[in-house]
Amino acid sequence: MTTLFIDADACPVKQEAERVATRHKIPMKLVSNGGLRPPQNPFVETVIVPEGPDVADMWIADRAKTGDVVVTSDMPLAAKCVASGAQVLRHDGSILDERNIGQQLAMRDLMADLRSADPFRQGGGKGFSKADRSRFLDALERCLRKAKGAGA
């Protein structure tokens, strides 16, 4: 059975993901270090992991498999989930797969190097827009349909 995993810390599309998962009757796991209000939705489980670096990511990576969908913008987590066969989606609706995850990891490392070389370089990312939210909803719908079709 397909499961939707949400890397929930700082995820701007939790409510949208919940609506789509509920419509498809797919279990959704919101994984974080805490601070989330547990939803009343029977399809949604809030998973609170211990504090620590990457604990939520490791929890998801250990469980995501072929037929599952993972929502994250964390590139190392995305790479692990792609390797395990899960479909991976960013909050802006872009899909991460075996064709582009290497490039995304390299870009992440390059940007980290640039930030460490110039302590005054901060942020630089674009804001989250309505168009991003719309692309996310469309991409999640497609991913869940594909996952359900693969599991049939």
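Computed from the coordinates by the stated procedures, all read-outs in this text should not be read as laboratory data. What you see is a predicted model, and the numbers here were worked out from it, not measured in a lab. No Cβ is skipped: glycine too gets one built from the backbone with ideal geometry, and neighbour counts run over all protein chains shown.
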Legend entry - Within straight-line cross-link reach of Lys14, lysines at Cα separation under 21 Å, skipping those fewer than 8 residues along the same chain: Lys25, Lys29, Lys65, Lys126, Lys130, Lys146, Lys148
Legend entry - Net +/- balance of residues flanking Leu30 in space, Cβ distance below 11 Å, scoring K and R +1, D and E -1: -1
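Multiply the residue gap between Arg99 and Ile48 by 0.36 nm, knock off their C-alpha separation, and tell me the result in nm, one decimal place.
15.2 nm
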Inset, instruction - First select every other residue whose beta carbon is under 9 angstrom from the beta carbon of Phe136; then total the charges, Lys and Arg +1, Asp and Glu -1. - result: -1
Inset, instruction - Any chance you could give the angle, 0 to 90 degrees and rounded to 10, that helix 130-151 forms with the longest Cα principal axis of the chain? - result: 50 degrees
Inset, instruction - Can you list which of the GluC sites (Glu not before Pro) found in the stretch 1-101 are DSSP loop residues with at most 13 other C-beta atoms within 10 Å? - result: Glu51, Glu98
Inset, instruction - Counting only C-alpha contacts under 8 Å and six or more residues apart, can you give the relative contact order of the chain as a whole percent? - result: 23 percent
Legend entry - Crossing angle, helix 14-24 versus the chain [Cα axis fit, 0-90 degrees, rounded to tens]: 30 degrees
Legend entry - Helix 101-117 axis, angle to the chain major axis (alpha carbon atoms, nearest 10°): 40 degrees
